[in-house]
C-alpha cells in the first residue's frame, strides 16, 4: 500500500515536471541526443584529430541554427547550478571539410565559443552540402540568470530559469 502511494506521488511529480516546459520539443530538451541521421538528414558529428601528414586550411564553422539547452534548475541544484548543452546544426560545404576544434572562454554571464572546421589543402573535393548536428557541453555550471553565448561572432541569449516555487 505504501509502495503504491509512493509510486503515485512520484508519477504525479514527474508529470508536473514535464508540464513545466510544454513548448519544448524533445530535441530542444537538455540531454536529448539524436544518434545517426535525424529526419532532416543531419548526422551527429564530433571533433576528430587531423591526419598528421596532411596540410589543412582552417576556417570558422558554418552553421544554420543554435539551440541552447540548459538542464532544469531545481531547489537542490539552484546553489551549484546546472550544465548547459548547445545543439549546433549546419552543413559542411563540401565532401572534405570536417570539424576541427572547439574553444570556450567564460567571463561572468558571457560564454565565447569558437567552432573551427578544416579542409585539406590542394585536394579536389566534391561540392556537396553535408548536413550535420553537433552537441557541445558548455564548461562549468550555470545558476539562475540571463546569459549570452557568442558562437563564431554570432550572439545567442539564453536563460537559466529559477526553480518553480522560488
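Every number here is computed from the coordinates shown, using simple stated rules; none is lab data. Quantities reported herein were computed from a predicted structural model and do not represent experimental measurements. Cβ coordinates were reconstructed from backbone atoms using ideal geometry, including for glycine residues, and neighbour counts include every protein chain displayed.
Which shape class, rounded, prolate or oblate, goes with the range 26-160 when its Cα gyration tensor gives a ≥ b ≥ c as root eigenvalues, a/c under 1.5 marks rounded, and past that a/b bigger than b/c marks prolate?
prolate
Starting from the eigenvalues of the Cα gyration tensor, five times each then square-rooted, give me the equivalent ellipsoid semi-axes of the range 21-89, largest first, whole Å.
31, 17, 11
Explain nothing, just the number: relative contact order of the range 26-160, from Cα pairs under 8 Å at least 6 residues apart, as a whole percent.
29 percent
How would you rank 130, 39, 150, going from fewest to most other Cβ atoms within 10 Å of each one's own Cβ? Can you show the working numbers first?
Working: 130 18, 39 7, 150 14.
The order, fewest Cβ neighbours first, is 39, 150, 130.
Which residues in the range 67-93 have a backbone N closer than 18 Å to a point placed 7 Å from the Cα of residue 129 along the Cα-to-Cβ line?
Taking a point 7 Å out along Cα→Cβ of residue 129, the residues of the range 67-93 whose backbone N falls under 18 Å are 67, 88-93.
Exposure proxy check: 127, 57 ranked by fewest other beta carbons within 10 Å?
127, 57
Can you tell me what percent of all Cα-Cα pairs in the range 97-157 are more than 19 Å apart? Mind dumping the intermediate values first?
Details: 804 of 1830 pairs.
The answer is 44 percent, as a whole percent.
Which FRET efficiency, nearest 0.05, do residue 95 and residue 159 yield, Cβ-Cβ r, R0 41 Å?
0.60
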